[in-house]
Amino acid sequence: MLETVSQGFQSATERLRGVRELHESNIDEALANVRASLLEADVDFTVVKGFLARVKERALGEKVETRVRDASGQMVKITPGQHFVKACENELIELMGPVDTSLARDAGATSIMLAGLQGVGKTTVAAKLARHLQKQGRRPLLVAADVYRPAAVQQLITLGESIDVPVHSGAEGELPPSICQEAHKRARGEGFDAIIYDTAGRLALDENLMTELEEIKASVAPANTLLVCDSLMGRDSVNVAQAFSERIDVDGVVLTKLDGDARGGAALAIKAVTGVPIKFLGTGETVDRLEEFRPEGLASRILGMGDVVGLVKDFEEIVDEKQAEADAERILKGQFTLDDLLTQLRTIQKMGPLREVFAKMPMFGSMADKVEEGDLSKVESMIHSMTRQERGTPDIINKSRARRIAGGCGRKAKDVLDLVERFKQMREMMGSLGKPGGLLSKIPGMGQMMGGGGAGGMDPSALLAGGGMPGMNPMLGGAVQPRSQKANQQRKNKRQQARKSRQKSRSKKKKKK
């Protein structure tokens, strides 16, 4: 997601790595990478030009604080390159925000009319919104007002049944405005506190579509009108949003298929061009894959810094907090089995596509496109092929057992032995982290995060990302390779040369005295 834009910002950051001060020439060089990636991502040229000018003004105009206090109160050193990244982050947030993702109510009920072209995913978004409201304790009613597209009504009924939400559909030949009016009466009469109107679309903008939407809006007066746009359309989606907002009063945009878009131009430009904010992101096909749009989260992911808040929100939805706390406490004592690993892998799978999970992890966002979705299932199949005893005490797995396990899951014995070895490394690492005086105790607030309310959010990501150690991913085969003997000897030689040089310098000073 958004790889094209991210590459430009990462190239700009690399260009400024090691510079001692920011000035117009090196900022212009860095922004040239950003400009190219934004234009390639199909962002409107006027938006790009204004964004780059604001980043440059902010980077040059603000005083660079070389030392600042972090969240824990410790002083940390800030480089000019980091100051530039912060300027980019602030401008990205302002470009896409601010956003209020709350939905307005009318007489205590939330009513939403969905609009958009055909094929953008309105019907699926209708079910996702119903599920979103359902999680908040609401009782939604779905309205099938698309009477033109074949099987549109049946599609909504099927989606409604999957989440136990009733669907109101009209009689044969009944027009959409009348269907919506009847649904509105039913919602009030049967005590529904949310109603979502799935309207018809067209292959292109036309007068009949706009007139019908105006009639529906006049007949039921929805408290929220959301426009559904396909991010894969790039700049065209921005043009569509502008055309719709000129005819009907649009409160927000739902951007679909962003997880399949490497460019991301629509996400960056819609608010700037139309003034209509993005309220939700559709990032998958299942009804649970709807995110409230957070400009700061997306900006952080674009810059390769992950999205911790979004990651923790995902975990909170699927993890039992008390169980997660108990598991984290036990794991940090070194009491970690392959059954625990299997539980954590299943938790990660529930969060959505593996690449999306990685994209939200700090330090691992740039690795997301290299992650294979099948990696987790490979590990899971090997664990499933083990006996209960082998899962509890993996140390007993020898070559003979590994061959048997491999035969049961279609893998090689070496794959099984490698998994066991990486598991032992992880168990040792997690145990050493949790010991008194271990790494966690030296990081302000980290002990509380791992053992307190944030345990549910920290534990699985630590397992997947190698305990949070940069460059490590032991469970998926990405452990950092140790330095070769030759590399170690070269480092040793350099240290010896530096030591001799210092000794010569000291002896010369003594002779002068």
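Values in this text are rule-based calculations from the coordinates and carry no lab data. All of these numbers come straight from a predicted model, not from anything done at the bench. Note: ideal-geometry Cβ built from the backbone for every residue, glycine included; neighbour counts use all protein chains shown.
For segment 263-284 versus segment 146-184, the inter-centroid distance based on Cα atoms is 28 Å. Taking a point 7 Å from the Cα of Ala53 along the Cα-to-Cβ direction, the residues of segment 16-30 with backbone N closer than 17 Å to it are 28. Applied to segment 11-27, the Karplus parametrisation 6.51 cos²θ - 1.76 cosθ + 1.60 on θ = phi - 60° returns per-residue 3J(HN,Hα) values of 5, 5, 5, 4, 5, 8, 5, x, 6, 8, 8, 8, 9, 4, 5, 6, 5 Hz, with x for Gly and Pro. In a reduced charge model with +1 at each Lys and Arg Cβ and -1 at each Asp and Glu Cβ, segment 104-189 shows a dipole moment near 420 debye about its Cα centre.
How much net charge surrounds Val254 when only the other residues with a Cβ under 13 Å from the Cβ of Val254 are counted, with Lys and Arg +1 and Asp and Glu -1?
Values: positive: Lys122, Lys128, Lys257, Lys279, Arg289; negative: Asp198, Asp230, Asp251, Glu291, Glu292.
Here the charged neighbours net out to 0.
Kirkwood hydrodynamic radius, segment 112-241, all distinct C-alpha pairs: what's the number in Å? Don't skip to the end; give the middle numbers.
On the way: mean 1/r = 0.0678 Å⁻¹.
Computed over Cα pairs of segment 112-241, the Kirkwood hydrodynamic radius comes out at 14.8 Å.
With one equal scatterer per alpha carbon and no solvent term, the Debye-computed log10 I(q)/I(0) for segment 193-239 at 0.19, 0.31, 0.33 1/Å reads -0.75, -1.26, -1.31. Modelled label positions at Ile157 and His23, each set 7 Å beyond Cα in the direction of Cβ, lie 7.3 nm from each other.
Determine the gain in length on full extension of the stretch Glu285-Ala104; use 0.36 nm per residue of separation and subtract their C-alpha separation, reporting nm with one decimal.
Values: separation 181, 0.36 × 181 = 65.16 nm, distance 2.59 nm.
Separation in residues times 0.36 nm, less the Cα-Cα distance, equals 62.6 nm.
The label-point distance for Asp164 and Arg346, in a model that sets each label 7 Å from Cα toward Cβ, rounds to 2.1 nm.
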